Amino acid sequence: MAKELKNFTKRSDNYSQWYNELVVKADLAEQSAVRGCMVIKPYGYAIWEKMQQTLDKMFKSTGVQNAYFPLLIPKSFLCREAEHVEGFAKECAVVTHYRLKNDPDGKGVVVDPAARLEEELIVRPTSETIIWGTYKNWIHSWRDLPLLVNQWANVMRWEMRTRMFLRTAEFLWQEGHCAHATAEESEARTVQMINLYAEFAEKYMAMPVIQGVKTESERFAGAINTYTIEAMMQDGKALQSGTSHNLGQNFAKAFDVTFVNKENKPELVWANSWGVSTRLMGALIMTHSDDNGLVLPPHLAPIQVVIVPIYKDEAGRQAISEKVAPLVKELEAKGISVKYDDADNKRPGFKFADYEIKGVPVRLALGQRDLENGTVELMRRDTLEKETVAFEGIADHIAGLLEDIQTNLFNKAKAYRDQMTYTVDTYEEFKEQIEKGGFILAHWDGTPETEEKIKAETKATIRCIPLEGDTTPGTCMVTGKPSARRVIFARSY
RNA sequence: CGGGGCGUAGCGCAGUCCGGUAGCGCACCUGGUUUGGGACCAGGGGGUCGCAGGUUCGAAUCCUGUCACCCCGACCA
């Protein structure tokens, strides 16, 4: 089993060339400050587009609309909400000048010192500040609420250490920012969105997640409450895959966003924000992939079925193409994305391996033998099982198979997670178990001090206080003080 | 920012200790034979050895500096 992401971005054997064709590859600009950024190649972007389209549809069904806000945020904006700036200050890229000029020494160009900006601009690490600065002018009356807006954008966080997919300096994401008239409504929206993310993760990514609430110390900077979905990767580490924040009235206060209620009284609005990023692509890879490459869930695979012809000469190729053409039409009519790869410059064996690396869920191979017997060879990527089946009725069979694969991937991942989830009562046991990876359900006294102590001693963090599951009270494994319920600990990315 | 590693062809690497014609595999190009699991044979193209100084008749190799990247920490989605 490929347990680590690096297996998919770097291979030192002779197959490395083919891995360059893999979903994404970090093409790092030479000696430049864009370190830690990634280039998303077309096939990888196609996966991201699938995610976007699906999420977008889900958002819109809840009344959210898309908009776009500026990339650059005036420094003063970022500073308006104290906790927020505190949380992001250490990882911001700053624009200080607006012009270059020719180097007096004749070597290229240099920053023109005369073009210093009066106020520095921050490359957005997230857009709360600029959006709330704008909302101030959009919201006047209770009739303007709720305001439900989402933005698809790139953001930049100058992390000390980057990691492909999981923590790149620049990443693509969506960030939803909603304004509501009441605290209850805003809280309901916050929960609605984390539910939506969970549904997306499980239904489309085939990735089981645990929904929960972050502890105070893990909370988003400026939020009063953060909901999260936590997934388990194949190496037993946790990955925070999506968050939804209840921002209370913090940003409304900071940006003076008020509305006049039905009683003609001014009130501060209630806010929430929620987002998922290209990190989900990392999650997808690390949840399902194996040593043969990617394994994509059918609901997100850019190519769901690939058909590879096997022939000896041009006449043979013709014969197979004629046989396949109606099948391609039939599959497409069912909404299945098919690729018939009759490219003559690659041999069948190469294509088999190549589409396995790309994670295509179903492969059909068709040769002279099949034409004679009225059969086709079918392979499913999740189990690598191969079988020869009747060509007749194959389209219906595939439609069902794709659903099977989707379900199977989810079940497999869930079984693995459940198997790697432990209930532990003593700190000794905890320390031993955490070394082996996985989620640990344990009692905690609810204090940041204990949480910090556990983190310092074991590198494990509280991933979340689950919304569901066992709610029996107990005593903290470290301090022995009362605990309301078990929380989830894990080492994380 | 600490500790370790690394930088040589598009990719993966050898060569560095002990200075003296720039190498290998894959990829690429041409021709032929092939095609049911990553084809084979023959020929060919491609490099200011990360960058800048220094030592030397001569530097990928030695010295100094510097810039990247990777892994482990601190920080974080």
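Only the coordinates and a few stated rules stand behind these numbers; no lab work does. Predicted, not measured: the structure shown is a model, and the values here were computed from it. A quick note on method: Cβ atoms are made from the backbone with ideal geometry, for glycine too, and the neighbour counts reach across all protein chains shown.
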Nearest 5 percent is fine: what portion of the DSSP beta bridges confined to the stretch A:305-414 is antiparallel? 50
P(r) of the stretch A:421-493 in 5 Å steps, Cα pairs, percent per bin? 4, 19, 33, 29, 14, 2
Between helix A:183-203 and chain A: long-axis angle, C-alpha atoms, 0 to 90°, nearest 10: 20
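Based on the alpha carbons, how large is the Rg to Rh ratio for the stretch A:305-414 when Rh follows Kirkwood?
That ratio equals 0.96.
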Where labels lie 7 Å past Cα in the beta-carbon direction, separation of A:Glu322 and A:Ser217 in nm: 7.3
Rounded to 5, the percent of DSSP beta bridges in chain A classed as antiparallel: 80
Where labels lie 7 Å past Cα in the beta-carbon direction, separation of A:Ala353 and A:Glu118 in nm: 6.3
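For A:Ser141 and A:Lys101, FRET efficiency with R0 = 60 Å and r from the beta-carbon atoms, rounded to 0.05?
So, using R0 = 60 Å, E works out to roughly 0.75.
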Neighbourhood charge, 15 Å Cβ-Cβ cut-off, centred on A:Ala114 and excluding it, Lys, Arg +1 and Asp, Glu -1: 0
Out of all DSSP beta bridges in the stretch A:421-490, what portion is antiparallel? Express it as a percent rounded to 5. 75
Cβ-based charge dipole, chain A, positive-most Cα from A:Thr162, A:Met281, A:Cys92: A:Cys92
For A:Gln52 and A:Glu372 in the same chain, what is the full-extension length gain: residue separation times 0.36 nm, less their Cα-Cα distance, in nm? 110.9 nm
Net charge of Cβ neighbours under 11 Å - reference A:Arg463; Lys, Arg +1; Asp, Glu -1: +1
Rounded to the nearest 0.05, what FRET efficiency do A:Glu392 and A:Ser61 give with R0 = 35 Å and r taken as the Cβ-Cβ distance? Could you check? 0.35
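Please state, as a whole number in µm²/s, the translational diffusion coefficient that the Stokes-Einstein equation yields for the stretch A:63-140 at 10 °C and 1.306 mPa s, with Rh defined as the Kirkwood radius across alpha carbon pairs.
108
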Suppose every K and R has +1 on its Cβ and every D and E has -1 on its Cβ; what is the size of the dipole of chain A about the Cα centre, in Debye to the nearest 20? 620
Taking chain A on its own, what percent of its Cα-Cα pair distances exceed 33 Å? 49
Checking the table A:Lys50/A:Lys329; A:Lys346/A:Lys412; A:Lys323/A:Lys412; A:Lys57/A:Lys459; A:Lys41/A:Lys136; A:Lys459/A:Lys481 against a 27 Å threshold on Cα-Cα, which pairs fail? A:Lys346/A:Lys412; A:Lys323/A:Lys412; A:Lys57/A:Lys459; A:Lys41/A:Lys136
Nearest 0.05, what FRET efficiency do A:Gln192 and A:Glu428 give at R0 = 35 Å with Cβ-Cβ as r? 0.30
Potential extension, A:Glu385-A:Ala93 segment - 0.36 nm per residue separation minus Cα distance: 100.2 nm
